[in-house]
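Heads up, the thing below is written out as C-alpha cells.
Bear in mind that the values in this text are calculations on the coordinates, not laboratory data. Because the structure is a prediction, the values reported are computed rather than measured. Don't worry about glycine lacking a Cβ; one is built from the backbone with ideal geometry, like all the others, and counts go over all protein chains shown.
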2 protein chains.
Amino acid sequence: MTPRPRPDNTAQSQILLTLRDEGPVSRAELGDRLELPRARLAAELGRLAELGLARDGGPAASRGGRRSTLVELDPELRFAGVDLGATSVTVEVTDASLEPVASVEEPIDIRSGPEAVLDRIDDLLAKVRADGHLTRLAGIGLGVPGPVSYRDGVPVSPPIMPGWDRYPVREELAGRHGCPVVVDNDVNIMVVGERRGGVARSIEDLLFVKVGTGIGCGIVVGGQVYRGVDGCAGDIGHIQVDPHGPVCACGNAGCLEAVFGGAALARDALAAARNDTSPSLAERLRTHGTVTAADVGAGAVEGDPVCIGLIRDGGRRLGGVLASLVSFFNPSMIVIGGGLAGLGHLLLAEVRSVIYRRSLPLATRNLPVVLSELGSRAGVAGAAALVSELAYGPVTR
Amino acid sequence: MTPRPRPDNTAQSQILLTLRDEGPVSRAELGDRLELPRARLAAELGRLAELGLARDGGPAASRGGRRSTLVELDPELRFAGVDLGATSVTVEVTDASLEPVASVEEPIDIRSGPEAVLDRIDDLLAKVRADGHLTRLAGIGLGVPGPVSYRDGVPVSPPIMPGWDRYPVREELAGRHGCPVVVDNDVNIMVVGERRGGVARSIEDLLFVKVGTGIGCGIVVGGQVYRGVDGCAGDIGHIQVDPHGPVCACGNAGCLEAVFGGAALARDALAAARNDTSPSLAERLRTHGTVTAADVGAGAVEGDPVCIGLIRDGGRRLGGVLASLVSFFNPSMIVIGGGLAGLGHLLLAEVRSVIYRRSLPLATRNLPVVLSELGSRAGVAGAAALVSELAYGPVTR
C-alpha cells in the first residue's frame, strides 16, 4: 500500500529519472533515448500528466524536422529531506529535480520520543507550506541517528533514541502526509547526498565518514548504499582503538568515539581548560562557562598547542581506523563530513598521513581523502534524493 | 576475442546454469521455467548441441501428457580449478556440473616466475588428460596469492610473486588451452567455493577469512565477490594490531600477519622450543630439526600451555580485527578457512569470544562464526565455479 502518485511501469520511471537528472527534454529526444515508439511514449506521458508527475512544457528548439514539444517534471512537485540529529532537525524542501527551494531548522530533543518529534517535523513542513514553498509533497526522506531496518522503515535498537526502537516511522509519516517515505540511518543519507551533488559524484565504491558528536560511516558499493544484514553497517565509532582508553557509552573501553568525536573532544577540552594547560581554552571557559569541540578548532587556528595536539591525536586515531578500512575495502574515495569536518585541514592532514603510511601502496596510490563539499546539507540533500528514487520508481517494485 | 565454446545469448546461458545447478531437466520443464516457446527452446538447444555444451539425455519421466526429453550438459565438458600458493599448486578437474572428477597437487616455487609456473600447471593438466579425466576443457579458473586486476586478468604488485606483476596470466593460459579463463586472488576463489558448495550456501553478505602463512579476507556483497577498486580489497593481514609489535614483511610494525598466521606462529614456536618454555615444542625441534604452526596445534591438543597460549593470543588478535570488521560491514556470516583453520575450536572459541564481546549486539545476535566446510578444497572448487559462470555466460557480455 504505497501512497500515490507513483509511476505505473519502468518506462514511466525512466522518463521521470531522465527529467530529474537532465531537466526538460523534447518528446523526440525522449523517444529516441528510451527507445519508445511515438504512440507508446504519448501514452506514458499522458499517464504521467494524469498522475501529476510530468507535463508538456512548450515547444522545443528545432532539430530540423517537425518541431517537438518539451517535457518537464510538474513544477509543483516537492520532496522533503529531513535530517534528524540528537538535538536538532533540519528540513530541506526541493523541487522535482532536487533543487532546494526552502530550508528550516529547529532544536529538538530526540529523547522526547517519536510522536513528539514527528509532530515537530509536521510543524516545520506546515511552516514551509504556509510560506508557499510546499505546493505538492511527492515524498519524504528521513535520516535518523541510529541503526535502521531500511526494508521495514523502523529504527532498530538505536542507542541514543529511547522510545524509537521498532517504532513504525515510515508508516506513520506516510499516513500523516499521504506520500512515499524512506527512513535510513543519518550517515547513509549523507553518503547519498555527497554522491549525488557533492564531491563524490559518480564514485562507485566510497566511504563517507561522519565525524560529529559520534562517528559513523556511510558505505557505497557499486553505486548502492550498503547497509549490512541488520542495517548497522558503518558503525565504526565503536571500533576499539585503545584497550586502555576511556570507557565508551556502549560499555566497552577505548572505542574510537570514546577517544575522538565531538563529545570526546569537548571532554578533553574541558579538562585542558580546567587544569590550565591551554590558555586559549581556559579563557573560553571563563568567558562562556563551557568549552566545545568548536572551541578546540578555534584554538588551533590561533595556534594553541594543546588544541592542535588534541586534533592531531584524534586525527591519528581516526586515521588508524580508516587505514584498516582501506586495507579491507579498497575504496575509490574517502569523504570526511559531519560537524568536526570543520576542524578542516589540520584534521585532514593527520588522517591522510596515517592512511598513506599504513595502508598497502596499491590501495592508496589513487585514493583521494577529501572533505565533504555539501557540509551540513549532505544529509537533507541525500534524504530527498533517496526518496525521489522511490517516488519515481514503478509502484510494482 | 574470448575463446569458444560459449553460449550466444542469455536464454542459452540460463539453460546451462539451470542444468549446472539442478542436473538434467526435461525440455517441457525447461520451457516452462525459462518461459521459452517450444520452437525457440528447440532452436537454442540445437545451438547448444552444436557448440558441444548441452545435449539430449534420453526420455524424461512422464508428467501425464506427451513424454518429454531430458536435457543434460555435455558429459565430456570439464572445468579446471587451480589454486596457486607460494609453494604448491593444486588442480581439481570437475565435470560440467562442477562435480570433481580428478585432483592433483605438486610443490612449486612461485618465485620461479609465471612461465615456469604456468608450464607446471600445463604438466598437471596433461597428467589428468593422460589419465582420461580431462576430456574437453571448457574453462580454467586460477587463484593466485596476491592482488589481481580481475578485469584485466593480471596480478598487480603482488608482494610474494616476483616477476608476475602485470604478467598477462589470463591471456597466456587462454592462448595455451583455447578456453575461457578467469584469474582472481586466492581468497576470492575460496569465498566463491564456500558459498557454492560449503557452509555459506546462499549467504548474501559474507566474510571468508583465510588464515594460512598469511591472512586475507574474501568479501561477498549481495551474492557477488567484492574486489575493491584496485582488486586488493580484503587485505586484512596488514591491518595494524599492535604499534609496538614485530616488524612485518611489508615494512610496517605490528601488522596482523606479523603477530599471527602460519609464519608468525612458526617463529614464536621456534623461540619457545629454543628457550625451552614448551617441552612439547622443544621435543619436536629435537626430533624434526624444526617446528611449524602445525606443531603448535598438535602441542595444544596434548595440553601444552605454551602452545595453547600462542593460539589463544593469536585468536584474540584475529578476533579484534574481525570485531572491527563486523562493526563496519555487519555481515550475515564469517567463515574461517586456510591452513590454520586446522587449529580448530580453540582458535574459533577465542575469535568468537572477542567478536561477541566487542561488536554491537545488533550485529552479532544472529552472526555465525564458523569453520570452512570445504577446507583445502575451497580454492579449487571456487575457481572452477567462477570460470563456469564465464563459460556459461553469453559471449556478448
Task: Cross-link partners of B:LYS210 among lysines (Cα-Cα below 30 Å; sequence separation of 8 or more within a chain) - done: B:LYS127
Open item on the list: Once the label point is set 7 Å along the Cα-to-beta-carbon vector, what list of distances in nm do you get between A:SER353 and its counterparts in the other copies?
Closed with: 3.9
Open item on the list: Give me B:GLU35, A:GLU76 sorted ascending by neighbouring Cβ count inside 10 Å, so fewest comes first.
Closed with: B:GLU35, A:GLU76
Task: Peptide-level mean, for A:317-325, of C-beta atoms on other protein chains within 10 Å - done: 3
Task: Packing-based exposure ordering (other Cβ within 10 Å, fewest first) of B:LEU34, B:LEU318, A:LEU285 - done: B:LEU34, A:LEU285, B:LEU318
Open item on the list: Below 12 angstrom from the Cβ of B:PRO159, what's the summed charge of the other residues (Lys, Arg +1; Asp, Glu -1)?
Closed with: -2
Task: Average partner coverage of B:223-234, which counts Cβ from other chains inside 10 Å - done: 6
Open item on the list: Measuring from the axis that superposes chain B on chain A, report the chain B residue with the minimal C-beta distance, rounded to whole Å.
Closed with: B:VAL221, 3
- [ ] Sort A:178-187, B:131-140 for me by packing, meaning the mean count of neighbouring Cβ atoms within 10 Å per residue, highest on top.
- [x] A:178-187, B:131-140
TODO: Mind running the shape call on segment A:118-231? Use the C-alpha gyration tensor, a ≥ b ≥ c as the square roots of the eigenvalues: rounded below 1.5 for a/c, prolate if a/b tops b/c, oblate otherwise.
DONE: oblate
Task: Nearest-ten-degree value, helix B:344-358 long axis tilted from longest Cα axis of chain B - done: 80 degrees
TODO: Run through the DSSP bridge list for the protein assembly as shown and note the antiparallel percent, rounded to the nearest 5.
DONE: 60 percent
- [ ] Starting from a label point 7 Å past Cα on the Cβ side, list the distances from B:GLY113 to the same position in the other copies, nm, shortest first.
- [x] 7.6
TODO: Do me a favour and compute the ellipsoid semi-axes for segment B:202-372 from its Cα gyration tensor, root of five times each eigenvalue, largest one first, whole Å.
DONE: 29, 17, 14
- [ ] Using only atoms on other chains, find how many Cβ atoms lie within 10 Å of each Cβ of peptide A:215-222 and report the average.
- [x] 2
Open item on the list: Under the convention of a label 7 Å out along Cα→Cβ, give the distances in nm from B:GLU76 to the same position in every other copy, shortest first.
Closed with: 7.1
Open item on the list: Counting C-alpha atoms alone, how compact is the protein assembly as shown: give Rg to one decimal and Dmax as a whole number, in angstrom.
Closed with: 29.6, 94
Task: Burial ranking of peptide ranges A:287-297, B:249-259 (average Cβ count within 10 Å, highest at the top) - done: B:249-259, A:287-297
Task: Helical mean residue ellipticity (222 nm; -39500 (n - 2.57) per DSSP H run of 4+; nearest 500) of the protein assembly as shown - done: -13000 deg cm²/dmol
